[in-house]
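Working notes, beginning with the structure itself.
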Amino acid sequence: MTERLAASFRDPAGFVFRRDGDLYRQINSSYLENYNMLRRSGLYDELVSQRLLIPHVETDLAAVEPTRGDLVIRPDLVRFISYPYEWCPSQLLAAAEVTLRVQQMAMRFGMSLRDASGYNVQFHNGQPTLIDTLSFERLEEGTPWKAYSQYCRHFLGPLALMRHVDVRLSQLLRTEIDGIPLDLASTLLPARTRLHAGLAIHIHGHAGSQRRHADGARVPEDRQRLSQRALAGLIDSLVATTLKQRWEPRKSDWRDYYEAQRSYTDLAQQHKSEIVSRILQLERPDSVCDLGANTGRFSKLAAGATGASVLALEMDVASVELHWQELRKDDNWRVLPLVADLSNPSPAQGWGHSERGSLQERTQVEVVLALALLHHLAIGNNVPLRHVFEWFARLGSTVVVEWIPKDDPMVQHLLANRTDIFDDYRADAFEDAAREFFTIEDKIDISASPRSIYVLRRR
Amino acid sequence: MDPSLAVSPRLVALLAAWAATCLLLEESHMLLPEALSGPVLAYVDPASGSLIFQALIGGAMAVGLTAKIYWRRIRRFFTRRTR
């Protein structure tokens, strides 16, 4: 069975398809010269050795569209596909840095990136990696960087908005699928950013120039000449400007997170860890999704106990940021933390609703962890328990879920200023709802706590 | 002199260079916001503006990089001597 993937339909250089679970890329004849240059110049080897580009092997598989080309390559598989609107600020910054480092290295080998899309970077074994092998072309001396505008829309603009306005503005990337338009970024950024040389040039000045030449008239060759030194200077300036956009949360934010984790006594917390660890060691899954992962305590446990790839979804940007920074410090590449609001997860979008996959279709795992989460969905978001289990069943075959009774202080906290309309939020109703989609394999009470952990197997 | 009144010479140089670039490029909107107006959205082409803009700032970018490289060399020269 061959299935062409929608994400690459615009590219005349080739396209991605899936066959028997493996991912392949056909390289069209029109791109072959550039591909050969990438391989023969030594650029490919250099990029792969520095983990900046996804490695691939050439196959002898027959082309899907033989009239357009006959070379098929098989790139390494990225375990979890994620998108820029799901990344915390440091993840977007890391992806931006990789894009510019790739461009700098390509220039040394006489090549250049023709795209600088955030979607071309994926987290592969913890490292942001360029996945579009067909992004390189011969650098023609004296020409400007084709991807300059795209780089500013996908990376620099969003980073500057997060840094100087509000971290939640990364969510604009969800509606602006080809990056935040520069005139919009320029309008939203505070006036003081016009005093930052880098932002004044690459965002404000750049936006102004786009506005003035928006009539689409052909640009004469002599008006778009750029010397090699100027091109190198441009990329260097983008590196310096990008690195200045590091998002700094207030100190008090961090303290709040450590404090918030104290809803348990030490004894209960330890017992809960032991229970989850034991379950995971029995299950030995390849992949785990930790829903409501917070700063990743249980994601780390899951990765450590089983060696599984873990997707850690959390709504709070600062928690994801802290989680990501700790993973980098520990060099833990099994866990990928992402920003995700479970009550409104990333939709399938773009052309034909299929250019970018929904979070759900990218989150197919063996074990779903739903710890200290249920009350947020059922009470915080008014989602009936039956719907919660129906959704769990779509994500994975085994679910480890924590039941938090109504008299638990955290549930009471959610109910503090609301009418309690949640008559069905009871242990027996919880079990009944679970049984509609799962069989209950095990139930373990957490000592020194009214909570329990259930192991559910999909019917 | 009160140290808090001292202005970093690097900052002054940066500001002067930036203002000169703005004037040189006649890009006054880098200093002041520009009124929002433009052609019909469906036919707007941001690509040409990006290409022309790179050619415009190219000189400054080249000078910036050269200055940076020389500045590094000078600093290395002195740090080596003092060692």
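The values are calculated or read from the model by the stated rules, or taken from the named source; none is laboratory data. Note that the structure is predicted; figures quoted are calculated from it, not measured. Neighbour counts are summed over all protein chains in view; Cβ atoms, including those assigned to glycine, are modelled from backbone coordinates with ideal geometry. Keep in mind that these areas ignore ligands, DNA and RNA; they rest on the heavy atoms of the full protein, side chains included. Shrake-Rupley method; radii C 1.70, N 1.55, O 1.52, S 1.80 Å.
Let's see how each residue does on (1) under 23 Å from A:GLU140 (Cβ atoms); (2) modelled with pLDDT under 95; (3) in a helix (DSSP H, G or I):
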residue	(1), (2), (3)
A:ILE201	no, no, yes
A:GLY205	no, no, yes
A:ARG218	yes, yes, no
A:ILE235	yes, no, yes
A:THR242	no, no, yes
A:ASP253	no, yes, yes
A:ASP256	no, yes, yes
A:SER263	no, yes, no
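Restricting the first residue to segment A:161-184 and requiring it to be within 12 Å of another protein chain (Cβ to nearest Cβ), which pairs with a second residue that is assigned to a loop (DSSP other than H, G, I, E, B) and surrounded by fewer than 15 Cβ atoms within 10 Å (Cβ to Cβ) meet a Cβ separation below 8 Å and a spacing of at least six or different chains?
Within 8 Å, the pairs are A:ASP183/B:LEU36; A:ASP183/B:GLY38.
Scan segment A:295-312 for residues that are within 15 Å of A:GLU86 (Cα to Cα) and either part of a helix (DSSP H, G or I) or free of Cβ contacts under 8 Å to residues at least 40 places away in the same chain (or both) and report the count.
First, pick out the residues of segment A:295-312 that are within 15 Å of A:GLU86 (Cα to Cα): A:311-312.
Those still in the list that are either part of a helix (DSSP H, G or I) or free of Cβ contacts under 8 Å to residues at least 40 places away in the same chain (or both) too: A:312.
So the answer is 1.
How many residues, within segment A:208-231, are crowded, with 20+ Cβ neighbours inside 10 Å and within 7 Å of chain B (Cβ to nearest Cβ)? Talk me through it step by step, then tell me what you get.
Quick first cut of segment A:208-231, residues crowded, with 20+ Cβ neighbours inside 10 Å only: A:208-211, A:213-214, A:226, A:230-231.
With within 7 Å of chain B (Cβ to nearest Cβ) added as a condition, the list becomes A:208-211, A:213-214, A:226, A:230.
Qualifying residue count, segment A:208-231: 8.
Can you name the strands (runs of 3 or more DSSP E) wholly within segment A:87-194 that have at least 2 residues being modelled with pLDDT of 95 or more, more than 27 Å from A:LEU311 (Cα to Cα) and open to solvent by 10 Å² or more (accessible area, probe 1.4 Å)?
Details: elements: A:111-113, A:121-124, A:127-130, A:136-138.
Those strands (runs of 3 or more DSSP E) span A:136-138.
Taking A:ARG418 as meeting all but one of (1) at pLDDT 90 or above; (2) within 35 Å of the chain's Cα centre (by Cα), write down the number of the exception.
(1)
Looking at segment A:68-79, which of its residues are in contact (Cβ under 8 Å) with a residue 60 or more places away in the chain and either open to solvent by 10 Å² or more (accessible area, probe 1.4 Å) or among the small types (Gly, Ala, Ser) (or both)? Reasoning before the result, please.
Kept after step one, since they are in contact (Cβ under 8 Å) with a residue 60 or more places away in the chain, are these residues of segment A:68-79: A:73, A:79.
Of everything in segment A:68-79, just one residue is in contact (Cβ under 8 Å) with a residue 60 or more places away in the chain and either open to solvent by 10 Å² or more (accessible area, probe 1.4 Å) or among the small types (Gly, Ala, Ser) (or both), namely A:ARG79.
Please work out which one of (1) under 30 Å from A:GLU321 (Cα atoms); (2) facing chain B (nearest Cβ under 9 Å); (3) open to solvent by less than 10 Å² (accessible area, probe 1.4 Å); (4) in contact (Cβ under 8 Å) with a residue 12 or more places away in the chain is the condition A:ALA200 fails and give its number.
So the condition that A:ALA200 fails would be (4).
Of the residues A:ASN381, A:ASN332, which is without any contact (Cβ under 8 Å) to a residue 60 or more places away in the chain and open to solvent by 20 Å² or more (accessible area, probe 1.4 Å)?
On the way: A:ASN332 fails: without any contact (Cβ under 8 Å) to a residue 60 or more places away in the chain.
The unique qualifying residue is A:ASN381.
Residues that are at negative phi, without any contact (Cβ under 8 Å) to a residue 40 or more places away in the chain, within 30 Å of the chain's Cα centre (by Cα) and part of a helix (DSSP H, G or I): does segment A:349-359 have at least one? First the steps, then the outcome.
At the first step, the residues of segment A:349-359 found to be at negative phi are A:349, A:351, A:354-359.
From the residues that got through so far, the ones that are without any contact (Cβ under 8 Å) to a residue 40 or more places away in the chain too are A:358.
Applying the additional criterion that residues be within 30 Å of the chain's Cα centre (by Cα) yields A:358.
Next cut, part of a helix (DSSP H, G or I) only: none.
No, segment A:349-359 has no match at all.
Can you name every residue in segment A:26-56 that is under 14 Å from A:LEU71 (Cβ atoms), polar (S, T, N, Q) and open to solvent by 10 Å² or more (accessible area, probe 1.4 Å)?
Of everything in segment A:26-56, those that are under 14 Å from A:LEU71 (Cβ atoms), polar (S, T, N, Q) and open to solvent by 10 Å² or more (accessible area, probe 1.4 Å) turn out to be A:SER29, A:SER30, A:ASN34, A:ASN36.
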